[in-house]
Amino acid sequence: MAASGSVKIAEDVISALAIVAAGEIEGVKYLNDQKPKKLSKKAKKHIKLSYNGRNLVIDVYIIVKYGFVIPKVASAVQENVIEAVESMSGLKVEAVNVHCTGISFNKDDSKNIK
């Protein structure tokens, strides 16, 4: 017997999935100036969701650690966010746009910059 009714997933849940997935990538220091683990309750403020028909478009704002190649980090973020959101929500992700809003320097790294 098939179940009847509907399942709705709050945007906060999808945002939290995306932000945790982005934070798992090596080279991502912060998401919009905050550590990923502290963002689960406020994830919607750091991830922008929009729909293109039935498909989801996600914008992620990250700060990358100094020394990492930004396009490689961004590509890994895109792949991980798509995998996490699609596998856990069943939604189709059309695109993940990654916005690098800054670089995080370690104290040792900043001494070498002139």
Open item on the list: Need pairs with beta-carbon distance below 6 Å; first residue under 15 Å from residue 84 (Cβ atoms) and within segment 47-65, second among the charged types (D, E, K, R); sequence gap 6+ or separate chains.
Closed with: 49/11
Open item on the list: Can you tell me which residue is least open to solvent (accessible area, probe 1.4 Å) among those in segment 20-45 that are at pLDDT below 60 and closer than 17 Å to residue 91 by Cβ?
Closed with: 43
TODO: Go through segment 46-87 and give me each residue that's surrounded by fewer than 14 Cβ atoms within 10 Å (Cβ to Cβ) and part of a helix (DSSP H, G or I).
DONE: 70, 71, 72, 79, 83, 87
Task: Residues (closer than 17 Å to residue 29 by Cα, of a type outside the set (S, T, N, Q) and not in a loop (DSSP other than H, G, I, E, B)) located in segment 88-107 - done: 98, 99, 100, 102, 103, 107
TODO: Name every residue in segment 49-106 that is touching a Gly at 6+ places or on another chain (Cβ under 6 Å) and modelled with pLDDT of 95 or more, in order of residue number.
DONE: 68, 73
Open item on the list: Contact list please: Cβ distance under 6 Å, first residue in segment 72-85 and farther than 10 Å from residue 24 by Cβ, second residue open to solvent by 10 Å² or more (accessible area, probe 1.4 Å) and modelled with pLDDT under 95, pairs at least six apart or on different chains.
Closed with: 85/17
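The values are calculated or read from the model by the stated rules, or taken from the named source; none is laboratory data. Since the model is a prediction, treat every value here as computed from it, not as a measurement. Reconstructed Cβ throughout: ideal geometry from the backbone, glycine too, with neighbour counts over all protein chains shown. When the accessible area is computed, the model is the full protein with side chains, heavy atoms only, and any ligands, DNA or RNA have been set aside. Shrake-Rupley method; radii C 1.70, N 1.55, O 1.52, S 1.80 Å.
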